[in-house]
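No lab work stands behind these numbers, since they all come straight from the coordinates. Here the structure is a predicted model, which means the values were calculated and not measured. Backbone-built Cβ (ideal geometry, glycine too); neighbour counts: all protein chains shown.
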């Protein structure tokens with residue numbers, strides 16, 4: 001990605017930390033949460049790799065096509081899993097966005113920047129993805145607002161099974177996706 005190196009490294013740290021937390025969530029007792037956490041860990045680490053400032057570490061020529069293949073496979077998996085519920089459609093959109101960015105980076109001169117905008121402004125697909133992820137960030141942020149406390153409530157679930165932490169994980173990746181799409 002292009003842009004200031006310091007913000008690139010902050011995005012790398014955010015995405016890598018999110019990916020690491022998602023790996024820990026894979027220890028959940030609930031099978032559906034383990035599966036979702038695995039896909040989210042892949043997304044977090046993939047975003048961290050893509051966010052490394054190109055001015056600091058030039059990616060090898062095979063990196064972008066390899067990422068496109070990995071996220072294409074993740075997208076096919078999400079498409080297959082979407083048969084069971086709409087929640088997997090978000091993973092499908094995320095994998096598609098990663099494929100789009102990887103292909104755009106591979107096609108750009110030097111493979112270090114997003115597609116050239118010329119005088120035409122933001123490409124349509126980038127704009128649609130930006131709108132989707134901004135809406136996702138806003139909706140997810142509202143869902144994280146705490147509700148009223150329950151007096152004398154029972155002990156919460158295992159830390160890896162806490163839905164608010166999973167939502168926060170998805171929210172941070174969506175924010176990272178917005179940042180990456182803005183640099184395209």
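Between residue 20 and residue 144, residue separation times 0.36 nm minus the direct Cα-Cα distance comes to 42.6 nm.
Working from the Cα coordinates of region 1-86, the gyration tensor eigenvalues give, after taking √(5λ), semi-axes of 27, 17, 9 Å in decreasing order. Taking label points 7 Å from Cα along the Cα-to-Cβ direction, residue 66 and residue 107 give a separation of 2.3 nm. With a Förster radius of 25 Å applied to the beta-carbon distance between residue 57 and residue 165, the computed FRET efficiency rounds to 0.25.
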